[in-house]
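The values are calculated or read from the model by the stated rules, or taken from the named source; none is laboratory data. All of these numbers come straight from a predicted model, not from anything done at the bench. Every residue, glycine among them, receives a Cβ derived from its backbone with ideal geometry; neighbour counts consider all protein chains shown. Protein only, heavy atoms only, side chains kept; ligands, DNA and RNA dropped before computing areas. Shrake-Rupley method; radii C 1.70, N 1.55, O 1.52, S 1.80 Å.
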Amino acid sequence: MAGALIRMVTDRRSPSGGLEGSRCSGCSVTVYPADEACPRCGGPAEPAGLSGRGTLWTWTVQRYAPKSPPYRVPAGGFAPFALGYVELAEGVRVAAVLEVDDLDDIRIGMPLTVTGGRGVPRARALDPGEEGS
């Protein structure tokens, strides 16, 4: 559908603390961010809360400051950070900043939880006790 509104939603009532996508009422494909129309069949899509739990599909490390604007250097200066795609239980891949203590600990397949909020979603590694819950 031409001109369909694409939006990132930060609804604190959703299961993942704000990560909301949409699900097609025809072919059942789920997408993030939410869209009013299905990218596969063009049918109508309804809002769908996403679990926020998944595994790291791929990642990269940003080792230099992005161009400014819109980037603003933080008060403490630029620090390298990781970005990745997390494949959620629903089969959706979500781009997120990876919040890890050590960039060398990042591995494809590691269990993560993704939360929405202002800007880009954030992902953090699940603690061993959280993995089964």
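Details
- The lone exception for PRO47 - which of (1) more than 15 Å from GLU20 (Cα to Cα); (2) touching a residue at least 24 places away in the same chain (Cβ under 8 Å) it fails: (1)
- If you check GLY77, GLY109, GLY84 for being surrounded by fewer than 16 Cβ atoms within 10 Å (Cβ to Cβ) and either polar (S, T, N, Q) or closer than 29 Å to CYS24 by Cα (or both), only one passes: GLY109.
- Per this entry, ARG53 is counted among residues that are of a type in the set (Lys, Arg) and under 16 Å from the mean Cα position of the chain (by Cα).
- Residue selected from segment 13-57 under the condition open to solvent by 50 Å² or more (accessible area, probe 1.4 Å) and assigned to a strand (DSSP E or B), by the criterion farthest from VAL100 (Cα to Cα): PRO44
- Filtering segment 75-91 to residues that are among the hydrophobic types (A, V, I, L, M, F, W, C) and within 23 Å of PRO111 (Cβ to Cβ) leaves PHE81, ALA82, LEU83, VAL86, LEU88, ALA89.
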